[in-house]
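Shown next, in structure tokens, is the structure this report addresses.
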Amino acid sequence: MTKMDLEPVEVAGTPAPAQSDRLGGFLKVGPIVLVLAIVAFGLFYWFDQRTPKAPSIVTTQIGAAEQAIRDQPNNVQARLDLGLLYHHANRLDEAITQYDQVLTVAPGHLDAHMGKGAVLQSKGDLLGATAEYAAVTTANKGREFSAVDTRLQAAYYQLGVIALQQGNGEAALGHLENALRISPTDSDALFQAARAMRQLGQNDEAVVTLRKALTFVPTEWCEPYQELKGAYEGIGKAPAASWADAMNTFCSGDSATAKQQLETLVEGDAGPDAMLGLGLIAQTEKDDAGATAWYRKVLERDPGNMAAIAALAGMGVGPDATAEPKK
């Protein structure tokens with residue numbers, strides 16, 4: 001028990017959740033500069049060690065939450081807040097203590113189960129974390145509004161991630177599909193579901209799911225492109241795998257190499273995707289004219305390509321060459 005392990009008070013109900021001359025000069029002046037530097041460093045260190053440090057924001061917040069519990073030992077929300085703050089501060093055992101005290105006075109409190117599950121996950125206790133998240137999913141079965149419950153969605157998501165870590169792709173996919181029923185556009189859940197599909201050898205389905213995830217978040221994360229490369233290789237589509245590899249190169253920060261890779265694919269089966277990638281790179285480089293040209297080339301090849309149409313619309317230009325970007 002920690003200093004905050006206060007005796008629980010009953011709670012009514014469960015709350016919602018070099019040039020020689022220059023060298024000679026240096027040899028004369030250098031030792032003086034060195035001595036001054038040593039003295040300056042010594043003074044800096046002396047003052048640094050004696051100057052009171054301002055507490056961090058988290059430390060300040062922890063202090064406030066601890067005081068709130070001293071004032072009101074049965075304040076469930078303060079205990080939940082403190083558990084979260086302890087978690088952020090990596091004081092994991094103390095965080096668990098707070099969540100356990102909430103569950104003692106408010107059995108079944110869903111936020112406490114979610115918080116404790118997250119801490120156990122951080123500790124590497126996957127079985128313990130699974131039990132906490134499962135308590136949330138079980139409690140929500142058949143409840144009104146469960147189809148739009150973001151807390152339930154998060155519980156299913158974490159159960160899916162844990163099952164993947166345990167190598168159980170089938171269970172992972174089931175949990176992640178439940179999460180996606182609540183939030184169909186969650187790119188993270190789509191990505192994890194695709195990983196489960198690949199674990200089960202369902203590469204075709206993984207391709208569709210990964211591309212959907214990238215529709216919502218096309219840049220700033222490389223993992224979907226890495227998975228796409230493997231999935232395309234799994235179904236024997238080498239040009240598409242090369243496109244995914246090039247996009248991973250771009251995502252990793254090497255735009256120049258990515259452009260070279262994509263330009264070699266423009267005339268082949270992966271041409272529309274390669275041109276879309278070149279357009280996206282041009283946009284990130286603030287080259288709107290170049291991006292517009294690439295997106296229009298996509299439409300010359302594939303007139304109904306919604307990604308190119310949406311990209312041009314977002315730039316304020318039309319699909320034909322007569323429409324110029326808006327100023």
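The values are calculated or read from the model by the stated rules, or taken from the named source; none is laboratory data. For clarity, every value in this text was computed on a predicted model and none was experimentally measured. Here the Cβ positions follow ideal geometry from the backbone for every residue, glycine too, while neighbour counts run over all protein chains shown.
Here are some notes:
- Residues satisfying the stated conditions in the range 205-221, i.e. closer than 21 Å to SER252 by Cβ, among the charged types (D, E, K, R) and in a helix (DSSP H, G or I): ARG211
- TYR133 buried (at least 18 other Cβ atoms within 10 Å of the Cβ), more than 29 Å from ALA244 (Cα to Cα) and either in contact with a strand residue (DSSP E or B) (Cβ under 9 Å, 6 or more places away or on another chain) or not basic (Lys, Arg) (or both): yes
- The listed residue being within 26 Å of LEU210 (Cβ to Cβ), modelled with pLDDT under 95, assigned to a helix (DSSP H, G or I) and not charged (D, E, K, R), out of ALA147, ALA171: ALA147
- In the range 272-303, the residues that are at pLDDT 95 or above and of a type in the set (Ser, Thr, Tyr): THR292, TYR295
- Filtered by the rule that a residue be buried (at least 16 other Cβ atoms within 10 Å of the Cβ) and not in a helix (DSSP H, G or I), the range 222-245 gives a lone residue, LYS237.
- Residues of the range 200-232 classified as over 21 Å from the mean Cα position of the chain (by Cα) and closer than 24 Å to ILE162 by Cβ, total: 7
- Any hit, the range 248-266, residues being surrounded by 19 or more Cβ atoms within 10 Å (Cβ to Cβ), more than 18 Å from TYR232 (Cα to Cα) and β-branched (Val, Ile, Thr): no
- MET306 meets all of the listed conditions (1) at pLDDT 95 or above; (2) out of contact with any Gly (no Cβ under 6 Å at 6 or more places or on another chain) but one, namely (1).
- The sole residue among GLY167, GLY128, GLY160, GLY142 that is surrounded by fewer than 17 Cβ atoms within 10 Å (Cβ to Cβ) and either within 30 Å of GLY236 (Cβ to Cβ) or in contact with a Pro (Cβ under 9 Å, 6 or more places away or on another chain) (or both) is GLY167.
- Residue count for the range 192-222, restricted to those that are out of contact with any Ser or Thr (no Cβ under 7 Å at 6 or more places or on another chain) and over 23 Å from ALA310 (Cβ atoms): 12.
- Search result, residues across the range 277-290 that are hydrophobic (A, V, I, L, M, F, W, C), within 20 Å of SER252 (Cα to Cα) and surrounded by fewer than 24 Cβ atoms within 10 Å (Cβ to Cβ): LEU280, ILE281, ALA282
- Residues of the range 189-204 that turn out to be of a type outside the set (Lys, Arg), assigned to a helix (DSSP H, G or I) and buried (at least 18 other Cβ atoms within 10 Å of the Cβ), as a count: 9
- Filter result for GLN153 (closer than 29 Å to ASP273 by Cα and not hydrophobic (A, V, I, L, M, F, W, C)): no
- Selection count, the range 145-157, where residues are surrounded by 13 or more Cβ atoms within 10 Å (Cβ to Cβ) and either at positive phi or of a type in the set (D, E, K, R) (or both): 2
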